[in-house]
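**Q** I'd like to ask you about the structure that follows.
Derivation of every value follows stated rules applied to the coordinates shown; laboratory data play no part. Just so you know, these numbers come straight off a predicted model, no measurement behind them. Here Cβ is always computed from backbone atoms with ideal geometry, including for glycine, and neighbour counts include all displayed protein chains.
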Amino acid sequence: MISWGAWGLFPKLATNHLKPASALVYEAIGGFCVGIVCFLGLRSRPEMNFQGAMFGFIAGVAALTGGYCYVNAVSRGQVSLIVAVTALYPVVTIVLAHFVLREPIAVRQMIGIIFAIIAIILVAR
């Protein structure tokens, strides 16, 4: 929670001094360093599975694409509003899980999604 909260703020500070694309490059280097530390912490070689590696790769592309959009947005607007809207990303995950993994969407989740959409509308105005 602390790391994600700090991550929400630091791109705004970075884009006060750099263009968004440059800030993202340094963010990616920081993420790469964390990945190297995790890799070095393994007691054996990393697992090799083509499908798993491709999904991991796609996850990285999605994360940094989202990171770029986030950094670009905070360079132009209020970080408090942008963080509130982007924090609703689980709505996308729930919908994707429904269609890709065939996970059911419970009534409670559907109500939450509706409230999330209402929240986006209210925060954005």
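**Q** Give, in nm to one decimal, the length gained when the segment between Arg76 and Asn16 is fully stretched (0.36 nm per residue of separation minus the Cα-Cα distance). Please report the intermediate quantities before stating the final value.
**A** Working: separation 60, 0.36 × 60 = 21.60 nm, distance 0.98 nm.
20.6 nm is the gain from fully extending Arg76 to Asn16.
**Q** Can you tell me what the convex hull of the Cα atoms of the chain projects to on average, as an area in nm²? Don't skip to the answer; put the middle values down first.
**A** Numbers: hull surface 39.3 nm².
Quarter of the Cα hull surface area: 9.8 nm².
**Q** Now for a separate question. For the pair Met1 and Arg43, what calculated FRET efficiency results from E = 1/(1 + (r/R0)^6), where r is the Cβ-Cβ distance and R0 = 25 Å, to the nearest 0.05?
**A** 0.35
**Q** Further question on the same structure: Report, in order of residue number, the helices in the chain meeting two criteria: a C-alpha extent of 18 Å or more along the helix axis, and a mean Kyte-Doolittle hydropathy of at least 0.0; treat each whole DSSP H run as one helix. Mind showing how you got there, number by number?
**A** Working: long enough: 2-15 (20 Å, 0.64); 20-41 (31 Å, 1.65); 50-76 (39 Å, 0.93); 107-124 (26 Å, 2.52).
Correct list, ordered by number: 2-15, 20-41, 50-76, 107-124.
**Q** For the stretch 1-105, what's the relative contact order in percent, using C-alpha pairs closer than 8 Å and at least 6 residues apart? It would help to have the intermediate numbers written out before the result.
**A** On the way: 39 pairs, mean separation 40.1, N = 105.
Value for the stretch 1-105: 38 percent.
**Q** Also, quick follow-up: Quick check on the stretch 52-125: what are the equivalent-ellipsoid semi-axes from the Cα gyration tensor, as sqrt(5λ), descending, whole Å?
**A** Output for the stretch 52-125: semi-axes of 23, 22, 6 Å.
**Q** Here is a further query. Taking the Cβ-Cβ separation of Ala124 and Val95 as r and a Förster radius of 25 Å, what is the calculated FRET efficiency to the nearest 0.05?
**A** The pair Ala124/Val95 has a calculated efficiency of 0.80.
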